[in-house]
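Data first, discussion second: the structure below is written as structure tokens.
The values are calculated or read from the model by the stated rules, or taken from the named source; none is laboratory data. Owing to the predicted nature of the structure, the values given are computational and were not obtained by experimental measurement. Cβ sites come from the backbone with ideal geometry, for glycine too, and all protein chains shown count toward neighbours. The protein model used for the area step is the full one, side chains on, heavy atoms only, and it has no ligands, DNA or RNA in it. Shrake-Rupley method; radii C 1.70, N 1.55, O 1.52, S 1.80 Å.
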Amino acid sequence: MNLDRQTALEEAARERIKASHVLDGDAARLAHFYRGWASSYELDVDREGYCGPTVVAELAGAVQTAYLANDRAAIAILDAGCGTGLVGAQLKRLGFQLLDGFDLSEEMAEKARKTRVYRHVKANVDLNGPLSDYSSAIYDITVCCGVFTLGHVRPDALCELARVTRPSGFIIASTRKSYAQAASFENEVRRLQDAGVLVTAQCLSDGKYVAEEGAHYWVLRVPHKASGPAG
Ligand SMILES: C[S@@+](CC[C@H](N)C(=O)[O-])C[C@H]1O[C@@H](n2cnc3c(N)ncnc32)[C@H](O)[C@@H]1O
């Protein structure tokens with residue numbers, strides 16, 4: 001491919017990523033946008049050096065090795081906002097096998113199903129509302145990559161992620177730096193910590209994420225006896 005064409009494709013990928021950031025968390029607009037992006041999403045984010053899924057999966061691997069009694073093959077993981085399944089592919093590479101996913105977008109979820117790394121992938125699940133399709137305390141680890149980002153999901157979605165994660169289990173999430181600051185993500189983490197819903201086990205600050213900007217990577221633990229949702 002000649003240089004001009006490559007530059008044009010990279011520019012187009014950057015524009016699509018930027019366009020995804022101005023959807024105001026509106027479920028209908030997000031679903032519409034990702035319907036159109038599903039077919040070229042992986043190529044676009046690859047062009048922009050997106051490494052969030054690798055970091056999140058490797059953190060899950062470290063958490064299992066350091067803290068969990070079960071083998072990787074027996075660890076149940078929920079991939080919240082799984083998109084086309086990039087995180088699932090990385091988790092599988094690391095030996096995890098019990099993977100479920102969900103996404104707002106049917107087209108992104110369908111791509112994830114086709115990877116065949118997940119047991120179940122649900123579509124039309126909105127993280128900005130209650131995860132009513134999911135029982136409490138069923139996952140050892142819940143991962144959420146590229147979703148706490150501009151124009152997508154509010155920090156208060158953490159509360160539902162904590163609910164579906166079992167006591168002493170973990171939530172692993174990326175937050176794009178500009179999002180974390182604009183949405184006061186850390187304040188929400190603190191609020192939930194004060195309410196006994198989760199505890200920060202680790203935060204990798206300003207890690208590599210995408211060429212344009214870094215992210216913080218959060219490892220949050222659900223306490224042994226969670227106090228329930230914050231008031
Ligand atoms: C940037 S992509 C990240 C996908 C995947 N986790 C990854 O790292 O490649 C964001 C995903 O979040 C989904 N999404 C956006 N808003 C959502 C919401 N409110 N509830 C659930 N998923 C949502 C989009 O459909 C999209 O698949």
**Prompt:** Is it fair to say Leu192 is open to solvent by less than 50 Å² (accessible area, probe 1.4 Å) and under 17 Å from Val56 (Cβ atoms)?
**Reply:** no
**Message:** Condition first: within 13 Å of the ligand (Cβ to nearest atom) and either open to solvent by less than 30 Å² (accessible area, probe 1.4 Å) or outside any helix (DSSP H, G or I) (or both). Can you find one or more residues in segment 4-14 that meet it?
**Reply:** yes
**Fill in**
Within segment 92-108, residues out of contact with any Lys or Arg (no Cβ under 9 Å at 6 or more places or on another chain) and more than 8 Å from the ligand (Cβ to nearest atom) come out as Lys92, Arg93
**Prompt:** When Ala69 is evaluated against the numbered criteria (1) without any contact (Cβ under 8 Å) to a residue 12 or more places away in the chain; (2) surrounded by 17 or more Cβ atoms within 10 Å (Cβ to Cβ); (3) of a type in the set (A, V, I, L, M), which criterion, by number, is the only one it fails?
**Reply:** (2)
**Complete:** When segment 114-160 is checked residue by residue, the ones that are of a type in the set (D, E, K, R) and either in a strand (DSSP E or B) or more than 8 Å from the ligand (Cβ to nearest atom) (or both) are Lys114, Arg116, Arg119, Lys122, Asp133, Asp140, Arg154, Asp156, Glu160
**Request:** Can you tell me which residue within segment 170-189, out of those that are within 19 Å of Ser20 (Cα to Cα) and of a type in the set (D, E, K, R), is least open to solvent (accessible area, probe 1.4 Å)?
**Result:** Arg176
**Message:** Residue under question is Leu99, and the condition is that it be within 15 Å of the chain's Cα centre (by Cα) and in contact (Cβ under 8 Å) with a residue 24 or more places away in the chain; does it hold?
**Reply:** no
**Request:** With the condition kept exactly as written, say whether any residue in segment 32-51 is more than 22 Å from Thr115 (Cα to Cα), open to solvent by 60 Å² or more (accessible area, probe 1.4 Å) and touching a residue at least 60 places away in the same chain (Cβ under 8 Å).
**Result:** no
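Take Arg190 and decide whether it is more than 16 Å from the ligand (Cβ to nearest atom), basic (Lys, Arg) and without any contact (Cβ under 8 Å) to a residue 24 or more places away in the chain.
Judged against the criteria, Arg190 is a match.
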**Item:** Condition broken by Ser227, with the remaining ones in (1) at pLDDT 95 or above; (2) polar (S, T, N, Q); (3) loosely packed, with under 15 Cβ neighbours inside 10 Å satisfied
**Value:** (1)
**Message:** Considering only segment 138-148, I want to know if a residue exists there that is at pLDDT below 95 and either more than 19 Å from Pro53 (Cβ to Cβ) or not hydroxyl-bearing (Ser, Thr, Tyr) (or both).
**Reply:** no
**Request:** Please work out if Leu158 is over 24 Å from Asp26 (Cα atoms) and surrounded by 19 or more Cβ atoms within 10 Å (Cβ to Cβ).
**Result:** no
**Prompt:** List, please: which pairs have Cβ atoms under 8 Å, are six or more places apart or on different chains, and start with a residue in segment 102-120 that is open to solvent by 60 Å² or more (accessible area, probe 1.4 Å) and end with one that is near the ligand (Cβ under 7 Å from one of its atoms) and of a type in the set (Val, Ile, Thr)?
**Reply:** Lys111/Thr84
